[in-house]
1. Here are the criteria: (1) loosely packed, with under 10 Cβ neighbours inside 10 Å; (2) modelled with pLDDT of 85 or more; (3) assigned to a helix (DSSP H, G or I). Tell me which single one ASN101 does not satisfy.
2. Of these, GLU268, GLU193, which one is surrounded by fewer than 12 Cβ atoms within 10 Å (Cβ to Cβ), in the same structural domain as ASP112 (by TED's automatic domain parsing) and of a type in the set (Asp, Glu)?
3. If a residue counts only when it is touching a residue at least 60 places away in the same chain (Cβ under 8 Å) and not basic (Lys, Arg), which strands (runs of 3 or more DSSP E) contained entirely in the stretch 162-238 have at least 3 such residues?
4. Would you be able to say whether some residue in the stretch 247-258 is of a type outside the set (S, T, N, Q), on the phi < 0 side of the Ramachandran plot, exposed (fewer than 13 other Cβ atoms within 10 Å of the Cβ) and not in a strand (DSSP E or B)?
5. With among the hydrophobic types (A, V, I, L, M, F, W, C) and in contact with a Cys (Cβ under 7 Å, 6 or more places away or on another chain) as the only criterion, which of PHE154, PHE171 stands out?
6. Could you please find all residues in the stretch 139-170 being closer than 16 Å to GLY98 by Cα, modelled with pLDDT of 75 or more and loosely packed, with under 15 Cβ neighbours inside 10 Å?
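The values are calculated or read from the model by the stated rules, or taken from the named source; none is laboratory data. Keep in mind that what you see is a predicted model, and the values were worked out from it rather than measured. Don't worry about glycine lacking a Cβ; one is built from the backbone with ideal geometry, like all the others, and counts go over all protein chains shown.
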Amino acid sequence: MNVHMPEIERFPSRDEAEKALELLRVWAGSASDVEISDLDPLISRLVPGQEVSNYPALARAYPEDFEADEAYKASMPDLQNGPSSLIRGAKQQIQHVGISNFRLPIRFHTRDNGDLTLETSVTGTVSLDAEKKGINMSRIMRSFYKSADETFSFDVIERTIDAYKKDLESFDARIQMRFSFPVIVESLRSGLEGFQYYDIALELVDVGGVRKKIMHLDYVYSSTCPCSLELSEHARQFRGQLASPHSQRSVARVSVEIDCAKSCLWFEDLIDLCRA
């Protein structure tokens, strides 16, 4: 009767390991870089002359069949979510850290022309506790995209800021949305009409649980240079010389804190107040 004994798992001896290493060195000495990389890039360190190399020869061709499956994603390093013991240097709180000027089309209500879809530049920041190493900035964008299909108002911005404060476990947060708002304006003398674009920003600031809703308007207008005016008048009075003061482009930056519980302040309302 034949008795099959189960194979007993054992570790190779040192002599066997030395023979295997010698065989691997012989193979690596005649193999190409591509063959070595396909088997294991670390084998390149066994090639004579590369014993102290700390950087193996890597494959130059991108593998067409590579797929980042769940197992591969799980193996990737995540320094942000690692232990706080990995922080080097002084542990200091950061007031604002985030992402600036990512652009997407946003739909806004208007007073006179229904809804308008405008290219909008978004800046989102959060505070960073001293015990944290950083933030995943793409989370700010992903939080924003959850509401990007809605017609925007401060209520939508509040839901967005709630989402990314929760995602990033932050105390303070800020969102600012900047866009160029078109308005048909009548000329001063001819009565003709044309588009004028006004830079507007909606900002929601959350500090210590207290929120402020602010609308900013950069109102561009023409003004007379006071220095040029005085010099022109001096030339007229003292030399009888005709002189004309020149105009200059000026910007009035108007910021208004919004109380949404009261009547709505439209973009056009703020522009009209500046034009009055």
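1. (3)
2. Working: GLU268 fails: surrounded by fewer than 12 Cβ atoms within 10 Å (Cβ to Cβ).
None of the others qualify; the one that does is GLU193.
3. Working: elements: 173-186, 193-207, 210-224.
The qualifying strands (runs of 3 or more DSSP E) are 173-186.
4. Applying the first criterion (of a type outside the set (S, T, N, Q)) to the stretch 247-258 yields 249, 251-254, 256-258.
Subset that is on the phi < 0 side of the Ramachandran plot: 249, 251-254, 256-258.
Those left that are additionally exposed (fewer than 13 other Cβ atoms within 10 Å of the Cβ): 249, 251-253, 257.
Then keep just the ones that are not in a strand (DSSP E or B); that gives none.
No; the residues of the stretch 247-258 include none that is of a type outside the set (S, T, N, Q), on the phi < 0 side of the Ramachandran plot, exposed (fewer than 13 other Cβ atoms within 10 Å of the Cβ) and not in a strand (DSSP E or B).
5. Values: PHE171 fails: in contact with a Cys (Cβ under 7 Å, 6 or more places away or on another chain).
Residue meeting the stated conditions: PHE154.
6. If the condition is that a residue be closer than 16 Å to GLY98 by Cα, modelled with pLDDT of 75 or more and loosely packed, with under 15 Cβ neighbours inside 10 Å, then ARG142, TYR145, ASP162, LYS166 are the ones that fit.
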